[in-house]
Amino acid sequence: MFKIFFLAITISSMLVSCDVRKKDKMGMTAKQEIKDPTTVKIIDSLYNFGKTKEGEIVQYSYRFKNTGDKPLIVSDVHASCGCTIPEKPEQPIMPGETGFIRIKFDSNHRPGEVHKTISVASNANPPFTDLVLRGTVIGKDQEDKDSAKAN
């Protein structure tokens, strides 16, 4: 009985210590962002890809410019769903330079209207606005109906 109790205490301690380190690391990023703020101009905040066929991959690069006097550090990017994969710049964007947030949208199994958002965490003050991806995915069944009508 004592061995089970000791094992439970040990495992609980390990889980809590891992969580504390994760919070510490995230806290340091937030402190860095507050410590060295810069400004940013979003050049492309909305991309409307129009119409695409189901199964195609849509790719786009949102542009932004560091308008401040400190390096712009993009610490994280998240998309509103797993079908859109954003990629952040790995290196700081120096003052006056232009950077890119690249995305890939997988339209497979996603027929209909598309409205996805990409959130960006950085040391920009004011913060980045959400980036938006819009368009229409023509489903495979719709393509078949349209081609049958044309014949």
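Below are the figures for this structure:
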{"read-out": "Label point distance in nm, THR67-GLN142, each placed 7 Å from Cα along Cα→Cβ", "value": "3.7 nm"}
{"read-out": "Segment HIS78-LYS104, length gained on full extension (0.36 nm per residue, minus Cα span)", "value": "8.1 nm"}
{"read-out": "Kirkwood-based Rg to Rh ratio, segment 49-151, C-alpha trace", "value": "1.13"}
{"read-out": "Solvent-accessible surface (1.4 angstrom probe) belonging to THR52, in square angstrom, nearest 10", "value": "10 Å²"}
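The values are calculated or read from the model by the stated rules, or taken from the named source; none is laboratory data. Since the model is a prediction, treat every value here as computed from it, not as a measurement. Virtual Cβ from ideal backbone geometry, glycine too; neighbours counted across all protein chains shown. The area values use the complete protein model at the heavy-atom level, side chains included, leaving out ligands, DNA and RNA. Shrake-Rupley method; radii C 1.70, N 1.55, O 1.52, S 1.80 Å.
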